[in-house]
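Everything below concerns the one structure shown next.
The values are calculated or read from the model by the stated rules, or taken from the named source; none is laboratory data. The structure presented is a predicted model; accordingly, all values stated were derived computationally and were not measured. So basically every Cβ, Gly included, is an ideal-geometry build from the backbone, and we count neighbours across all protein chains shown.
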Amino acid sequence: MTLLLCMAFATPAYAGIDDLLPRPKQIVTGSGTVRWRNKVRVRYVDSIAGVPRNAEESYRLRVTRLGVQIEALTEHGVWNARQTLSQLSDGQGNLPCCVITDWPSFRIRGFMQDAGRSWFPLEELKAEIDNLARFKINVFHWHLTENQAWRLEIKAFPQLTDAASMTRDPGRFYSQEDVRELAAWCRERHVTLIPEIDLPGHSAAFERAMGFGMQTPEGKAALKVIFAELCELFDGPYIHIGTDEVAFTDRTLVPEIVAFLRERGKKVVSWNPGWKYGPGEIDMTQLWSYRGKAQAGIPAIDCRLHYINHFDLFGDIVGLYTSTICRVAEGSDEIAGSIVALWNDRKLPDVRQRLLQNAFYPAVIALAARAWQGGGYQYFDDFGTCLPADPAHPATVDFTDFERRLLYHIQHTLPPDAPVAYTRQADACWHISPVYPNDGDLQRTFAPEEALTVKNPWALLEKLPATPARGNGIYFRHVWGPGIVAGYFEDPQPNSTVYAWRRVWSDAEREAGLWFETQNYSRSERDQAPPQGAWDWRGSRIWLNGVELVPPQWLGDTGQIGLETPFGNENCAGREPLRVPLKAGWNWVLLKLPVGAFSTPEVRLVKWMFTFAFVD
């Protein structure tokens with residue numbers, strides 16, 4: 001069947017073939033361009049030659065002098081072709097002649113928002129879904145219940161969304177009309193909405209509202225009433241039931257709820273680790289932490305090391321983009337795809353800061369690209385989050401190309417006010433000193449620092465032993481440790497000091513902005529702000545052209561604090577860039593980066609790392 005349609009597109013990105021994101025599987029370029037007036041001939045076909053998997057999302061886009069034609073098996077394939085077409089125009093109505101044949105390597109490419117802990121306005125969720133669907137994200141995982149609050153209106157139990165039962169953002173929840181509106185929004189963008197009601201753990205808000213726990217006869221009966229409402233309310237195929245981080249006292253609860261939902265035509269998703277299922281006993285598991293294991297006979301979603309609440313601005317984006325998904329190059333019946341998750345354990349001041357400090361858009365777009373393209377170079381455990389210093393390394397070449405595309409779409413496809421803290425890092429080259437044991441004396445000085453006392457420090461630094469590193473964010477030891485995510489050093493030891501130095505060119509004398517931090521504060525921790533006058537609790541220091549740079553006045557509380565104490569300006573994305581003077585020509589930077597223990601009373605998960613990037 002062939003249809004001639006006048007298609008309405010979102011604001012086009014005007015990227016051209018070289019900047020398409022995700023990068024299509026097959027492109028045959030023609031000669032010249034054609035004038036386009038938004039008319040597209042759509043032809044539904046039974047198959048597209050050369051497409052090996054996920055055919056329902058595949059498409060072939062032809063741009064010739066005869067016009068524009070889309071071939072696809074389904075409306076979803078047409079939608080994907082439209083996203084590619086919207087990026088191809090030059091902004092003047094011209095399209096490059098080409099034939100693009102494309103399909104996703106993985107059938108699930110999604111993101112999760114934890115609205116249970118911190119409420120997101122409906123319009124914000126719609127904007128995120130709209131923005132990310134342009135990059136072929138096709139799943140929105142909506143985490144709706146937590147210890148802090150139950151966010152979904154249940155007609156049978158209105159007390160669940162009473163403000164008195166909430167400990168954060170009281171009174172903020174989603175009405176059933178909100179759900180229908182968001183579900184329709186997702187359908188229009190071919191995004192599968194997966195709601196999550198977490199049981200029986202993470203359920204303190206349920207207990208406060210109901211007066212009993214989920215693992216009681218009353219709790220089980222109430223859950224069945226709740227899920228009966230959900231099955232009518234959510235028209236999508238999946239419902240997520242959680243099951244993580246809990247001791248099971250009623251061994252019949254999970255099997256009964258799974259059977260209850262399946263009887264009503266729903267497919268059920270559950271966290272892994274969580275309840276232990278046999279083949280066929282659950283429709284899909286979502287792997288979290290390094291302990292999550294894909295099981296034969298149960299499709300798996302890889303979410304293990306994709307918790308962006310622990311991500312920094314730069315290094316972890318490298319790890320996410322360069323990593324394979326679930327250690328395979330492409331999906332299968334048992335490896336469904338991947339989801340990036342944003343958990344809001346620690347309160348942040350507002351929605352914008354949640355997106356900025358968690359590197360939300362760069363991270364999800366990196367996942368969208370990798371899950372569509374397939375492949376990868378490691379599973380976080382080879383070079384981890386450290387981009388290979390060799391510019392010819394395949395991972396470095398690929399990431400450099402991805403980063404160019406990403407920066408283009410940050411500027412052209414995302415809205416101008418989208419909260420994004422990212423700048424080019426593929427060309428940031430560092431010298432890293434050997435590791436100097438400091439015997440617990442974090443103030444102790446070593447050869448690179450002693451260079452500051454000579455007339456020409458850079459000349460001396462260039463003569464010191466060093467190895468290369470590349471990027472705006474370098475982990476010497478990743479927060480999860482070398483056995484899980486590799487850092488720069490293969491076997492990092494506590495009580496060590498390392499130095500990093502580099503030169504940066506400026507065409508003129510000017511003031512620049514600087515993103516700098518030596519401890520990216522995870523948004524899941526009760527960590528304390530640094531002491532006033534110091535960059536961190538470890539004695540890290542920075543010199544620009546021999547002048548030491550002092551940290552800002554910290555706004556966070558340095559006393560004992562909890563998850564409900566919002567971060568102030570501890571993370572560099574949560575404050576204005578530091579204003580620094582650059583001279584015309586070469587400028588040099590020296591960083592001192594000591595570490596004591598890898599877990600301290602002030603900071604539970606010490607990140608031995610740094611972030612450094614000049615910005616306008």
Counting residues that are free of Cβ contacts under 8 Å to residues at least 60 places away in the same chain, which strands (runs of 3 or more DSSP E) fully inside the range 9-78 reach at least 3? 39-44, 59-64, 67-72
Does V603 qualify as being of a type outside the set (F, W, Y) and buried (at least 19 other Cβ atoms within 10 Å of the Cβ)? yes
Note on the range 312-346: residues polar (S, T, N, Q), part of a strand (DSSP E or B) and over 23 Å from T396 (Cβ atoms) are none
Note: among R172, R117, just one is surrounded by fewer than 18 Cβ atoms within 10 Å (Cβ to Cβ), assigned by TED's automatic domain parsing to the domain that holds W372, in contact with a Lys or Arg (Cβ under 8 Å, 6 or more places away or on another chain) and over 25 Å from A72 (Cα atoms), namely R172
Only one of A184, A156, A204 is surrounded by fewer than 21 Cβ atoms within 10 Å (Cβ to Cβ), under 27 Å from the mean Cα position of the chain (by Cα), among the hydrophobic types (A, V, I, L, M, F, W, C) and in the same structural domain as E128 (by TED's automatic domain parsing), namely A184
Do the conditions hold for E511, that is, is it in contact with a strand residue (DSSP E or B) (Cβ under 8 Å, 6 or more places away or on another chain), within 25 Å of K347 (Cα to Cα) and either outside the structural domain of L461 (by TED's automatic domain parsing) or of a type in the set (D, E) (or both)? no
A careful count of residues in the range 259-299 that are of a type in the set (G, A, S) and crowded, with 24+ Cβ neighbours inside 10 Å gives 1
Would you confirm whether any residue within the range 371-381 is crowded, with 19+ Cβ neighbours inside 10 Å and within 28 Å of S118 (Cα to Cα)? yes
Just one of G236, G242 is closer than 19 Å to Q176 by Cβ and under 29 Å from the mean Cα position of the chain (by Cα); which is it? G236
Identify all residues within the range 454-481 that are buried (at least 16 other Cβ atoms within 10 Å of the Cβ) and farther than 25 Å from V547 by Cβ; write none if there are none. R470, Y475, R477, H478, V479, W480
What are the pairs with Cβ atoms under 7 angstrom where one residue, in the range 551-565, is closer than 17 Å to Q519 by Cα and the other, located anywhere, is outside any loop (DSSP other than H, G, I, E, B) and modelled with pLDDT of 75 or more? Sequence gap at least six, or different chains. P552/L578
Which residues, counting only those in the range 283-335, are free of Cβ contacts under 8 Å to residues at least 40 places away in the same chain and over 21 Å from N138 (Cβ atoms)? S289, R291, G292, K293, Q295, A296, G297
Tell me, please, whether a residue that is loosely packed, with under 14 Cβ neighbours inside 10 Å, farther than 23 Å from L605 by Cβ and among the hydrophobic types (A, V, I, L, M, F, W, C) can be found in the range 541-551. yes
The conditions are (1) in contact with a Gly (Cβ under 9 Å, 6 or more places away or on another chain); (2) free of Cβ contacts under 8 Å to residues at least 24 places away in the same chain, and H202 fails exactly one of them. Which is it? (2)
Among G533, G487, which is the only one that is at positive phi and either part of a loop (DSSP other than H, G, I, E, B) or at pLDDT 95 or above (or both)? G533
Determine the pairs where a residue that is at negative phi, located within the range 138-161, has a partner that is surrounded by fewer than 21 Cβ atoms within 10 Å (Cβ to Cβ) and part of a strand (DSSP E or B) with Cβ atoms under 6 Å apart, the partner being 6 or more residues away or on another chain. V139/T192
Inspect all residues belonging to the range 41-53 and state whether any of them is among the basic types (K, R), modelled with pLDDT of 95 or more and over 28 Å from I335 (Cα atoms). yes
Would you confirm whether or not the range 585-593 contains a residue that is in a loop (DSSP other than H, G, I, E, B) and surrounded by fewer than 22 Cβ atoms within 10 Å (Cβ to Cβ)? no
